[in-house]
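Everything on this sheet refers to the single structure shown next.
The values are calculated or read from the model by the stated rules, or taken from the named source; none is laboratory data. As the structure is a computational prediction, the values presented were derived from the model and not from experiment. Glycine also receives a Cβ, built like all others from the backbone with ideal geometry; neighbour counts cover every protein chain displayed.
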Amino acid sequence: MKHLVVAGLAGLALFAVSCQQRPKEEAKQPSTPTQEQQAKQEEKPQAVAQAPTAVNAEALAKSKGCFACHDINAKKVGPAFKDVAKREAGKVDYLAQRIKNGGVGEWGNVPMPPQNVTEEEAKLLAQWILSLK
């Protein structure tokens, strides 16, 4: 029994130590970026400038939880993405606004809550959904 208590206290102590914040001295030290880090930062704007792919948009939809209520081909809680693409063809801005702000009534009585996406993410998702015809 003593061994269990000692082991439990040791584990709790390790947990408490691992949750502590850094000392202020370490946090205040200015860091100078290495040449490798600078090269990576210079590459980022080029990656952002590239056109988003369907794979990126689908990964975004998965990361934002869209597939909890929607599927590409079949109705779940919400309509299938392909059904949305047919009904809302060419309405990228409208669909992006519905994704960001949510809504109810257009596809039934189940509300779609506002989604935690940026304007750009909402537009990317709308473009991807509309491409699924």
_Looking only at the stretch 82-109, how many residues end up being surrounded by 11 or more Cβ atoms within 10 Å (Cβ to Cβ) and outside any helix (DSSP H, G or I)?_
9
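State all residues of the stretch 76-126 that are aromatic (Phe, Trp, Tyr) and touching a strand residue (DSSP E or B) at 6+ places or on another chain (Cβ under 8 Å); if no residue qualifies, say none.
Matches in the stretch 76-126: none.
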*Could you tell me which residue of the stretch 59-78 is modelled with the highest pLDDT, considering only residues that are surrounded by 13 or more Cβ atoms within 10 Å (Cβ to Cβ) and in contact with a Cys (Cβ under 9 Å, 6 or more places away or on another chain)?*
78
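Taking into account only those residues within the stretch 54-72 that are small (Gly, Ala, Ser) and in a helix (DSSP H, G or I), which is farthest from residue 85 (Cα to Cα)?
Here is the first cut: in the stretch 54-72, the residues small (Gly, Ala, Ser) are 54, 57, 59, 61, 63, 65, 68.
Of the ones still in play, those that are also in a helix (DSSP H, G or I) are 54, 57, 59, 61, 63, 68.
Details: 54: 14, 57: 15, 59: 18, 61: 15, 63: 20, 68: 18 Å.
The extreme case among them is 63.
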*Within the stretch 78-101, count every residue that is of a type in the set (Gly, Ala, Ser) and out of contact with any Lys or Arg (no Cβ under 9 Å at 6 or more places or on another chain).*
3
